[in-house]
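Everything below concerns the one structure shown next.
The values are calculated or read from the model by the stated rules, or taken from the named source; none is laboratory data. Quick caveat: nothing in here was measured; it's all calculated off a predicted structure. Cβ placement follows ideal geometry from the backbone for every residue including glycine, while neighbour counts extend to all protein chains displayed. Calculation scope for accessible area: heavy atoms of the full protein, side chains included, ligands and nucleic acids excluded. Shrake-Rupley method; radii C 1.70, N 1.55, O 1.52, S 1.80 Å.
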Amino acid sequence: AHHGLCEKDGRPKGYQICATKTMNVSAARAYEACTQAAQLCRWFGEGSEIQASVGGRYSNADGDTGTVKKLRPEKEIALTWENPRHTPGTTVSITFPPKGDERCTVTVTHDRIQTRAEADELRATWLVALERMK
């Protein structure tokens with residue numbers, strides 16, 4: 001990816017991973033699965049909680065946590081990503097491009113990951129999560 005380049009804040013751009021999965025639900029339903037705690041628990045991990053508002057926090061029992069940066073219903077969710085096992089300062093964007101009325105593609109883009117090994121691990125983890133969401 002873009003290893004070695006720096007962002008405006010001076011931190012390395014690092015790696016970007018992308019995980020996608022086509023779902024047999026509308027973009028509205030997929031968006032709900034990401035913004036309602038009861039549904040989040042079913043695919044994002046036990047004990048998931050989210051305050052679905054800009055500036056709201058989310059977390060799960062695996063130690064993944066962060067802040068909601070952007071919410072565009074049925075379109076996009078942007079989050080900061082914090083986990084003691086991972087490089088700090090990465091960001092996650094989830095989009096829901098529709099494919100007809102009752103299908104959509106859920107795309108997770110995780111940015112500014114600092115090592116190749118971490119990028120590979122996060123990509124695999126997101127693919128498993130999206131498979132559970134499906």
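Data overview
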| quantity | calculated |
| --- | --- |
| Residue within region 13-26 that is in a helix (DSSP H, G or I) and within 26 Å of ASP120 (Cα to Cα) present | no |
| Single residue of region 39-66 satisfying the filter (surrounded by 15 or more Cβ atoms within 10 Å (Cβ to Cβ) and among the hydrophobic types (A, V, I, L, M, F, W, C)) that is farthest from VAL92 (Cα to Cα) | CYS41 |
| Tally, over region 39-48, of residues that are small (Gly, Ala, Ser) and either under 14 Å from the mean Cα position of the chain (by Cα) or part of a helix (DSSP H, G or I) (or both) | 2 |
| Count - residues of region 29-38 that are in a helix (DSSP H, G or I) and either open to solvent by 50 Å² or more (accessible area, probe 1.4 Å) or among the polar types (S, T, N, Q) (or both) | 4 |
| Filter result (under 14 Å from ASN83 (Cβ atoms) and of a type in the set (A, V, I, L, M, F, W, C)) within region 108-118 | ILE113 |
| Top-ranked residue of region 1-12 - restricted to ones that are surrounded by 13 or more Cβ atoms within 10 Å (Cβ to Cβ) and not in a strand (DSSP E or B), ranked as modelled with the lowest pLDDT | ALA1 |
| Residues that are assigned to a strand (DSSP E or B) and either on the phi > 0 side of the Ramachandran plot or open to solvent by 90 Å² or more (accessible area, probe 1.4 Å) (or both), drawn from region 67-109 | LYS69, ARG72, PRO98 |
| Subset of region 115-134 [under 23 Å from GLY10 (Cβ atoms) and open to solvent by less than 40 Å² (accessible area, probe 1.4 Å)] | GLU118, ALA119, LEU122 |
